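Only one structure is covered here, and it is reproduced in the block below.
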Amino acid sequence: MKKLLEVKNLRVSFHSYSGEVEAVRGVSFHVNEGESVAIVGESGCGKSVTARTVMGLTQCPPGEIKEGSEIIFDGRDITKFSEKEWQRYRGGDCAIIFQDALAALNPTLTVGHQIEEKLKLHGIKDKKEAYSETVRLLTAVGIPNPEKRYKAYPHEFSGGMRQRIMIAIAIACNPGLLIADEPTTALDVTIQADIIDLIKELVKEHNTAVIMITHDLGVVADMAERIIVMYAGKVVEEGSSEDIFYKTKHPYTRALLNSVPRLDLDEEKELEFIEGAPPDMTDPPKGCAFAGRCPYCMEICTKEEPPCYEFNEGHTAHCWKYHEYAEGLFGEVEE
Amino acid sequence: MKSFVFKRTVQMIFVLFLVSVFSFGIIHFSPGDPLAMYKQPGMHKMTVEQEEALKEELGLNGTVTDQYIGWAKKTLNGDLGTSISNRLPVKDQIFERIPATAGLMAASLVISIVCAVPLGLIAGMYNNKWQDNLISTFTYFGISIPAFWFGIVLIILFSLKLNILPSGGMRTIGVDSTWDLIKHGILPALVLSVNNTAVFVRYIRANTITQMKEEYVMTAKSKGASGTGILFYHVLKNCMLPVITLVGSRFGMFITGSFVVESVFSWPGIGQLGMSAVNNRDYPMIMGITMLSCIALLLGNFLADILYGFADPRIKQGKE
Amino acid sequence: MARLISEINKAALNRELFRRITREKVNQDIGPERTTWQNLKAVFLSNKAALCCLIILVIIIIASLCAPLSPYDPDEMDLVNKMAAPSAEHILGTDEMGRDELTRVLYGGRVSLLVGVLSMLVSVIVGVFLGTVSGYCGGKTDVILMRIVDMFQSVPSLLLIIVIYSIVPPTMTTLVFMLAMFSWPSVARIVRAQTLTVKERDYVLAAKTLGVSHHIIIIKHIIPNMTSQIIVAASLAIANAILDESTLSFLGYGVQLPKSSWGSMLQGAQQWMLYDPLLALVPGIFILLTVLCFNIIGDALQQALDPKLN
Amino acid sequence: MDRGEIKDKERTKDKEEVKDREKILEVKHLKKYFKQSGKSVLKAVDDVSFDVYKGETVGIVGESGCGKTTCARTCIGMYPATSGEVIYKGKDISKLRGAEKRSFTKEVQIIFQDPYSSLDPKMRVGDIICEGLRAHKMCKSKEEYNKRAVELLEMVGLNPEHANRYVHEFSGGQRQRIGIARALAVEPDFVVCDEPISALDVSIQAQIVNLLSKLKREKELTFMFIAHDLSMVKYVSDRIIVMYLGTIAEITDSKSLYSDPKHPYTKALLSAIPIPDPKVEKERERIKLQGELPSPTDPPKGCRFINRCKFAKEICAREMPQLREVEKGHSVACHLYDEQI
């Protein structure tokens, strides 16, 4: 499988009144062609910042991509792109879907125009061809009678329909990578299921790689082949869907899985929850960020960055628990 | 849409009624005899009947309410009464001077829009950069300069010291060329448009900054659009919407003109007419000017709202 | 089966560190208290223009307050050295009646600033009260109050003020009320808009379900959440009041000559423009400077008090 | 026997069985319409009837626009009901006056969804919590208010010295705890939780839910829990009401909701919720709903679910199905179960 995107040691921070917020503190992961990867984490863990930096949407006056961060897409390091290369890359090679489609669409332009704009930017100059391609896209994402709805404005669509228009815009020029930044968080459950199915279908059809950003573990289980768990600006665990759900290694991932009630199980035991709250990113703690809330916390965790351990092919976790010095400390049997 | 138009017209009529009662009340409770002009020493002594007839003609007899009703009836069918000072119909005098004020106002409005739109956009686009700071300093001065003082300074500079522009009036006697008219109009138009431009620039700049933060700009960028492409294709249209409301609110000035600028530059417009009417307590004239300017302003805002409805699709059908 | 794939710096590693420590159940402590005072300081330090405006304003206010210290009496005429150029004794020269220009400007400053602040206070108090009432009650009271606001805003205010001046003697108090009469509607409109948004907030609904009475809701919830808008509106109201006062005095209706205010001085200076332009420049610059400072500080306050903006 | 009479017979039957459990709230044919621009009327809640027993947690679930929040807020008197009655402890809340009304505002409280807009940013935390106490003058002196505030802060797991800090320094979870402290300060009997956790992170949600259950047990409260996250509502509630477009589709206890859903909409809703377990998720077969949610301003005449229901019969288009008890404690509003009565 050819590596489509590789992110190496990405560090992004934002300068504001209350000092410098280190949103992303050294994130490395890769996405192969046609593979669907999920980035899971709670709010403030830097997953959205990572996605928007990969798309080159992080505005640099307040934001700052630190030295040594590399984002290699199809062999080219996009952090060194010129404005021209950025314009060809955004929309052509890589596309993004946002959470709130009503805010993400221009309220005073018809939906047809907003799709055609992208087609024109990427080489389809002829008016007629652009129109027929737009209508094809609208049908592909399941919008009824597209000719009429072509002239409608974003506020005349329901939440689910608007999200389909966002998807139509994103897949317009068959990008190699599609980033979905919490596409269904604002939608109801039944509509969310339709949108997830639509994305899975379209992605399989065009062999597009997907990065699904979400905090909903159910959506992840439904959609992702590989899962990356992020906490406080760092990747804490990475692995295939089975590894993460059934052979969980990192304490944070396990606590996250146990704190979500299962619809199909009727266990009466209390939900296991994580004490305290995520750390304040203006002065991130030394050592492991999860130490303050971790049941297996050792003194080393508060002093040194946890190293990366690999369990089976592709399944890694950053935790001191698996160091040989900590062998006998933890009783429970690791499944 | 129709219910909105109906509701707004009812509101406008109610406001007009309030304005008329308010100004009529003020004028009629001010002391002093409106006919004082006719009783200057050394003027022909008027007999009692003549005075009664004069009052009758000028609608000054009876209690305040009778006078108001009389005035209101006449105004409704277009007759704004006769001016006390020169006994000519108020309506003609006002309409005769409208071209002068309207011309000046139109010129200053056009200048301000033409300057303000690009300046506002640039200031909004390059927020907190040197372009923005430069333009912002200009706008701060623009809104802080007292108009009359700015007029005086310009007169000192251009007419007295450099003597290239006339210091007042609308035409040099005997010359009837448009170039002469323009030469006279430059300074007053400049004074008015500096203030207008400053207000417009601040408004457009604030709006551009909010629009640039909207998510649809991020989506446009993610489609591969260039910076300027986003500005002209997406942001420009949404920034122009508030300009409509702004121009609407300035519409009233087409009638009132600016009293101050017209008196500093002795521009023969309605502003000057108003000032002289006040000096010699010409009630019908004051009432006429007040009512007309109020109608112009209300109409301006009303048209702006309607135009805004057409421009912004979100509002078109949902008229509340 | 756990294979280390990233390097560890051996030095910092020793076995004792590998013992479990129970993090005492620390309820997540919250950051240091960041009061609005710190916000204000942060904004003014970073926004240079606002800082020097503040300094200029303070200088002008102090200078105006200690105007009586100046050796010259502002109204005592001295026709001998009429319109003298600036010299050692008369720093800014003398005006058309030989009075010392600097003293008159400072006395004028007192008048203008006083009128500006007082009329701002009146229009803010009236505006806040009517705006809150009409925003909170809604229904008929709201419609009527808003029409009255429309009335005041769609009338040529200058014309009517001058007409009123034929009734009322032009003293300081009448001038303050005249200026306030036509500036309270804009404050009322801002306050009403803010009341409408705050009224829908959940914490007001919560207070209602807790059985808190209406007037406490207004005092405890609605007004405190409007302070930043009110302060900004107030600073702009002062700026406009000074502008309007000087316009009125220039036209001869506000402060009457020989009493000096920046506007009335300009009225005096207008005839002598040709011979001594300085007379016209000095008061104008003072008006411009003060109004400029109020506007810039108003914007800076808006940034400091409204957290969403920064 | 026409339809109305049958329903009353059921109601009396229902009454004898659970006579011992005291009914704290009875909602009878509640309707809440909002007038909108022009002539259209938004039928947010359209003929809803259910009961709430003392000490239980009733969950109300449904997609956005189904009227669950409006229904709950009308039950505690925030919105006046367009028609129908809400009977709290035997008395119709719209007829409460004077002292009774004051005690109603004490006994019934609400916890809001958005932690960032439900607390006044300009008030100290201590004052926010004691606002209810001051309104009902439940403490005599200033020290007693402060003491009470400290007790309440500790009850919800916050430090006493947070009392004089401002709200913008707290995280979402901590703010929700302050909201809970404020609601419980006046010792209510019935608390409406209007989506208290949907704005929070997963790990913080569990904290708040456990805190709510603990407080409910300690203070014998009755909860009405509103959310669109069905798995969390199932975990928290004893009985669940599923609402669709202003009407009640199904009422059942939380155990049999997943095991034996009856209304077609509930089945579709349950199948759409993703389960955080890849294997289970792969085998599940999802019921796809066709069509769009109709607009609440002019809902379909008969059953509200008709344009999206695969089993729609001819009668469904004509007549709105009544809510009937088809099994012990399990009632459903669907014509498919007409014969079973």
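The values are calculated or read from the model by the stated rules, or taken from the named source; none is laboratory data. Please read these numbers as outputs of a predicted model, since none were measured by experiment. So basically every Cβ, Gly included, is an ideal-geometry build from the backbone, and we count neighbours across all protein chains shown. Areas reflect the complete protein model, heavy atoms only, side chains present, ligands, DNA and RNA absent. Shrake-Rupley method; radii C 1.70, N 1.55, O 1.52, S 1.80 Å.
Can you tell me how many residues within segment D:213-226 are touching a residue at least 12 places away in the same chain (Cβ under 8 Å), part of a helix (DSSP H, G or I) and open to solvent by 10 Å² or more (accessible area, probe 1.4 Å)?
The number of residues fulfilling the criteria is 3.
Just give me the residues in segment A:89-117 being more than 7 Å from every other protein chain (Cβ to nearest Cβ) and either of a type in the set (V, I, T) or in a helix (DSSP H, G or I) (or both), in sequence order.
A:Y89, A:I97, A:A101, A:L102, A:T110, A:V111, A:G112, A:H113, A:Q114, A:I115, A:E116
Do we have any residue at all in segment A:296-308 that's open to solvent by 40 Å² or more (accessible area, probe 1.4 Å), assigned to a loop (DSSP other than H, G, I, E, B) and touching a strand residue (DSSP E or B) at 6+ places or on another chain (Cβ under 9 Å)?
yes
Would you be able to say whether some residue in segment B:152-160 is assigned to a helix (DSSP H, G or I), within 22 Å of the chain's Cα centre (by Cα) and small (G, A, S)?
no
Would you check if A:M281 is outside any helix (DSSP H, G or I) and modelled with pLDDT under 90?
yes
Please state which of the following conditions C:P170 fails to meet, knowing it meets all the rest: (1) out of contact with any Ser or Thr (no Cβ under 6 Å at 6 or more places or on another chain); (2) surrounded by fewer than 20 Cβ atoms within 10 Å (Cβ to Cβ); (3) more than 14 Å from chain D (Cβ to nearest Cβ); (4) in a helix (DSSP H, G or I).
With (1) out of contact with any Ser or Thr (no Cβ under 6 Å at 6 or more places or on another chain); (2) surrounded by fewer than 20 Cβ atoms within 10 Å (Cβ to Cβ); (3) more than 14 Å from chain D (Cβ to nearest Cβ); (4) in a helix (DSSP H, G or I) applied to C:P170, the lone miss is (4).
What helices (runs of 4 or more DSSP H) completely inside segment B:206-320 contain at least 3 residues that are under 17 Å from the mean Cα position of the chain (by Cα) and in contact (Cβ under 8 Å) with a residue 24 or more places away in the chain?
B:236-250, B:253-256, B:259-264, B:270-279, B:283-311
Spot the failing condition for D:I273; the list is (1) surrounded by fewer than 21 Cβ atoms within 10 Å (Cβ to Cβ); (2) modelled with pLDDT of 85 or more; (3) more than 7 Å from chain A (Cβ to nearest Cβ), and only one is missed.
The single condition D:I273 does not satisfy is (3).
Only residues that are over 20 Å from A:T184 (Cβ atoms) and surrounded by 19 or more Cβ atoms within 10 Å (Cβ to Cβ): list them for segment A:154-172, please.
A:A172
Give me a count of the residues in segment B:61-116 that are outside any loop (DSSP other than H, G, I, E, B), in contact (Cβ under 8 Å) with a residue 12 or more places away in the chain and among the basic types (K, R).
The total comes to 3.
Being at the interface with another protein chain (Cβ under 9 Å from one of its Cβ atoms), on the phi < 0 side of the Ramachandran plot and part of a loop (DSSP other than H, G, I, E, B) is the filter here, so list the residues in segment D:117-166 that pass it.
Across segment D:117-166, the qualifying residues are D:S117, D:S118, D:L119, D:D120, D:P121, D:K122, D:M123, D:H136, D:L158, D:N159, D:R165.
For segment D:48-113, please list each of the strands (runs of 3 or more DSSP E) lying entirely inside it that holds at least 3 residues being in contact with a helix residue (DSSP H, G or I) (Cβ under 6 Å, 6 or more places away or on another chain), buried (at least 17 other Cβ atoms within 10 Å of the Cβ) and on the phi < 0 side of the Ramachandran plot.
D:57-61, D:108-111
Determine if segment D:167-189 includes at least one residue that is modelled with pLDDT of 85 or more, among the charged types (D, E, K, R), open to solvent by 20 Å² or more (accessible area, probe 1.4 Å) and part of a strand (DSSP E or B).
No, the conditions are met nowhere in segment D:167-189.
Looking at B:G271, B:G248, B:G309, B:G229, which one is of a type outside the set (D, E, K, R) and under 30 Å from A:Y89 (Cα atoms)?
Being of a type outside the set (D, E, K, R) and under 30 Å from A:Y89 (Cα atoms) holds for just one of B:G271, B:G248, B:G309, B:G229, which is B:G229.
Search segment B:227-238 for residues being of a type outside the set (S, T, N, Q) and within 11 Å of another protein chain (Cβ to nearest Cβ), and hand back the single one that is nearest to B:Y308 (Cα to Cα).
Selected residue: B:K237.
When you check A:A255 against the structure, is it within 30 Å of A:G19 (Cβ to Cβ), at the interface with another protein chain (Cβ under 9 Å from one of its Cβ atoms), out of contact with any Asp or Glu (no Cβ under 6 Å at 6 or more places or on another chain) and at pLDDT below 85, yes or no?
So A:A255 fails the test.
Looking only at segment A:204-230, count every residue that is in a helix (DSSP H, G or I) and buried (at least 20 other Cβ atoms within 10 Å of the Cβ) and tell me the total.
Looking only at that region, the number is 7.
Check whether at least one residue in segment C:179-187 is among the aromatic types (F, W, Y), part of a helix (DSSP H, G or I) and without any contact (Cβ under 8 Å) to a residue 60 or more places away in the chain, and report yes or no.
no
Yes/no matrix, rows are residues, columns are (1) open to solvent by 50 Å² or more (accessible area, probe 1.4 Å); (2) touching a Lys or Arg at 6+ places or on another chain (Cβ under 6 Å); (3) at positive phi:
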| position | (1), (2), (3) |
| --- | --- |
| B:K237 | yes, no, no |
| B:F251 | yes, no, no |
| B:F259 | no, no, no |
| B:L298 | no, no, no |
| B:G309 | no, yes, no |
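Being farther than 21 Å from A:S158 by Cβ, within 26 Å of the chain's Cα centre (by Cα), free of Cβ contacts under 8 Å to residues at least 24 places away in the same chain and open to solvent by less than 40 Å² (accessible area, probe 1.4 Å) is the requirement here; does D:P300 meet it?
For D:P300, the condition - farther than 21 Å from A:S158 by Cβ, within 26 Å of the chain's Cα centre (by Cα), free of Cβ contacts under 8 Å to residues at least 24 places away in the same chain and open to solvent by less than 40 Å² (accessible area, probe 1.4 Å) - is not met.
Quick one: D:E250 ticks every box in (1) farther than 27 Å from D:G329 by Cα; (2) buried (at least 23 other Cβ atoms within 10 Å of the Cβ); (3) touching a helix residue (DSSP H, G or I) at 6+ places or on another chain (Cβ under 8 Å); (4) of a type outside the set (V, I, T) bar one, so which box is it?
Only one criterion is unmet by D:E250, namely (1).
Could you list all residues from segment C:126-164 that are out of contact with any Lys or Arg (no Cβ under 8 Å at 6 or more places or on another chain), in contact (Cβ under 8 Å) with a residue 40 or more places away in the chain, of a type in the set (V, I, T) and within 14 Å of chain B (Cβ to nearest Cβ)?
C:I161, C:I162
Just give me the residues in segment C:273-307 being open to solvent by 20 Å² or more (accessible area, probe 1.4 Å) and away from chain B (no Cβ under 11 Å), in sequence order.
C:L301, C:Q303, C:L305, C:D306, C:P307
For segment A:68-83, name all the residues that are at negative phi and more than 9 Å from chain B (Cβ to nearest Cβ).
A:S69, A:E70, A:I71, A:I72, A:F73, A:R76, A:D77, A:I78, A:T79, A:K80, A:F81, A:S82 - these are the residues of segment A:68-83 that are at negative phi and more than 9 Å from chain B (Cβ to nearest Cβ).
Right, B:I13: assigned to a helix (DSSP H, G or I), modelled with pLDDT of 75 or more and open to solvent by 80 Å² or more (accessible area, probe 1.4 Å) or not?
Yes, satisfied.
Which residue is farthest from A:H30 (Cα to Cα), if the candidates are limited to segment A:142-175 and must be more than 14 Å from chain B (Cβ to nearest Cβ) and either part of a loop (DSSP other than H, G, I, E, B) or among the hydroxyl-bearing types (S, T, Y) (or both)?
Per the stated criteria, the residue is A:N145.
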